[in-house]
1. Conditions: (1) touching a helix residue (DSSP H, G or I) at 6+ places or on another chain (Cβ under 6 Å); (2) farther than 30 Å from residue 137 by Cα. Residue 18 meets all but one. Number of the miss?
2. May I ask you to say which residue of 88, 81, 76 is over 10 Å from the mean Cα position of the chain (by Cα), under 19 Å from residue 146 (Cβ atoms) and in a loop (DSSP other than H, G, I, E, B)?
3. Of the residues that make up segment 91-104, is at least one within 30 Å of residue 147 (Cα to Cα), loosely packed, with under 15 Cβ neighbours inside 10 Å and without any contact (Cβ under 8 Å) to a residue 12 or more places away in the chain?
4. Considering only residues that are surrounded by fewer than 18 Cβ atoms within 10 Å (Cβ to Cβ) and touching a residue at least 40 places away in the same chain (Cβ under 8 Å), look in segment 18-34 and name the one that is nearest to the chain's Cα centre (by Cα).
5. Residues to consider are 152, 148, 114; find the one that is touching a residue at least 40 places away in the same chain (Cβ under 8 Å) and either surrounded by fewer than 13 Cβ atoms within 10 Å (Cβ to Cβ) or at positive phi (or both).
6. Go through (1) surrounded by 19 or more Cβ atoms within 10 Å (Cβ to Cβ); (2) under 11 Å from the mean Cα position of the chain (by Cα); (3) under 27 Å from residue 153 (Cα atoms) for residue 15 and report which single condition fails.
């Protein structure tokens, strides 16, 4: 099915966001693992895997719309040098993704492509959950202090 070119461009923009997030989150997860924060590393890796699934859905949809998925473009990756910076940078990435998904849903609506709009809506729900978890982490760091937060992220197993 030949899709709307503006929508395909929007989907490729989202794909760049997802591919960027995957890279950023995997580096953050490995840094946390290296520092001994296994629980936190696992949480971040799970988020990266969800982002991989989002990228897969976007690629599938671009191909369905007879477009060319662009997997060679990454946005600026912002690696935190400590856990607080990581959470802040990941929160910023999720906030930007939420804005981009909302904008892409508007493009899908204009193109009268409700199937693509539904796919984007489903992904947006995951992004909302991601930002909620990051805000929960920020609240915990603020309320209990970074040392207590990090003590809870050590995997003793």
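Read-outs: derived from the displayed coordinates by stated rules, not from any lab. Predicted model only: the values in this text are computed from it and were never measured. When we count neighbours, we look across all protein chains shown, and the Cβ atoms used for this are built from the backbone with ideal geometry, even at glycine.
1. (2)
2. Answer to the check: 81.
3. no
4. 23
5. Answer to the check: 152.
6. The failed condition is (3).
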